[in-house]
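Below is one structure, written out as structure tokens; comments come after it.
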């Protein structure tokens with residue numbers, strides 16, 4: 001199957017679009033990829049050695065969850081991209097604390113549990129056969145009214 005670019009499923013623009021391609025989406029799983037190099041979408045976030053700091057693992061995982069959600073919304077005929085939120089992560093481990101320059105990261109998320117507005121996903125980031133990061137990401141889908149209230153909080157005087 002052919003997939004659209006990650007930006008077609010996510011409400012992100014450069015430079016915050018951290019994924020380059022969608023490899024697979026199923027009922028319970030999504031797989032996305034990105035290269036760690038100065039020519040990739042990650043270029044603005046690389047350190048002096050060309051490595052991506054490990055704390056980006058959560059955002060890579062969250063964006064892959066967003067791709068999964070966006071793809072499913074499109075399959076259901078919902079044209080608009082919905083904003084989702086990360087409630088938190090559990091047992092998030094990035095073994096080396098960085099993703100080394102020159103690697104291609106494969107981010108895989110697997111649905112563990114979902115109801116109308118909450119989801120929990122088991123996530124891994126690999127490069128070849130090496131597992132570089134793992135964790136569980138919990139997400140929330142706010143309603144339009146909740147988003148309006150949240151984003152209008154700062155405009156009150």
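Just so you know, all these numbers are worked out from the coordinates, no wet-lab data involved. Values in this document were obtained by computation on a predicted structure and should not be read as measured data. Positions of Cβ are generated from backbone atoms using ideal geometry, with glycine treated the same way; all protein chains shown enter the neighbour counts.
Worth pointing out:
- Inter-label distance for residue 118 and residue 20, nm, one decimal - labels placed 7 Å from Cα along Cα-to-Cβ: 3.7
- Sites residue 2 and residue 91 - FRET efficiency at Förster radius 35 Å, r taken between beta-carbons, to 0.05: 0.55
- As a rough footprinting exposure proxy, the listed residues 71, 55 were ranked by other beta carbons within 10 Å of their own, and the order from fewest upward is 55, 71.
- What separates the Cα centres of the stretch 77-127 and the stretch 13-30 is a distance of 10 Å.
- With 0.36 nm allotted per residue and the present C-alpha distance subtracted, the residue 78-residue 49 stretch has 6.2 nm of extension available.
- GNM on the chain, alpha-carbon springs under 10 angstrom: the most fluctuating residue among 22, 31, 41 is 41.
- GNM result for the chain, Cα springs below 10 Å: residue of 78, 63, 141 fluctuating most strongly: 78
- The relative contact order of the stretch 6-155, computed from alpha carbon pairs under 8 Å that lie at least 6 residues apart in sequence, is 24 percent.
- Listed residues 29, 117, 73, most fluctuating in the chain (Gaussian network, C-alpha, under 10 Å): 117
- Only helices enter this figure: runs of n ≥ 4 DSSP H residues, each worth -39500 (n - 2.57), summed and divided by the residues of the chain, yield -6000 deg cm²/dmol at 222 nm to the nearest 500.
- Annotation: the residues 51, 129, sorted from fewest to most other C-beta atoms within 10 Å of their own C-beta, follow the order 129, 51.
- In the stretch 1-55, Cα pairs under 8 Å separated by at least six residues give a relative contact order of 24 percent.
- Mean projected area of the Cα convex hull of the stretch 6-155, taken over all directions, amounts to 9.6 nm².
- Sequence ranges 9-16, 133-140, ranked by mean other-Cβ count within 10 angstrom, highest first: 133-140, 9-16
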